[in-house]
Amino acid sequence: MGEESQELLRRVPLFAELSGSELDRVASVLNNRGGLAYLDGNWDEALTLLERARQTFKKIGDEAEAAIA
């Protein structure tokens, strides 16, 4: 896993106390980084990031984005 993705995943727990709109942005960043990892052929990294995005979208009740992530 790339250093940027590892750092992002390390910091995600720090965002646990954020509100819904802020978590929406965190989930979007995770989703975007997962997409980039996928395009770069880093399958394990992509899966990890996209799963975290899906979990975060579900946490804020955004089932549509969770289904896409």
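The values are calculated or read from the model by the stated rules, or taken from the named source; none is laboratory data. Keep in mind the model is a prediction, meaning the values are calculated, not measured. Heads up, the Cβs are rebuilt from the backbone with ideal geometry, glycines too, and the neighbour counts pull from every protein chain shown. These accessible areas exclude ligands, DNA and RNA; they are computed on the full protein's heavy atoms, side chains included. Shrake-Rupley method; radii C 1.70, N 1.55, O 1.52, S 1.80 Å.
Some observations on this one:
- Of all residues making up the stretch 49-68, the number that are open to solvent by 30 Å² or more (accessible area, probe 1.4 Å) and either within 25 Å of Gly2 (Cβ to Cβ) or of a type in the set (Lys, Arg) (or both): 9
- When Arg10 is tested against the conditions (1) outside any helix (DSSP H, G or I); (2) at pLDDT below 80; (3) not polar (S, T, N, Q), the lone failure is (1).
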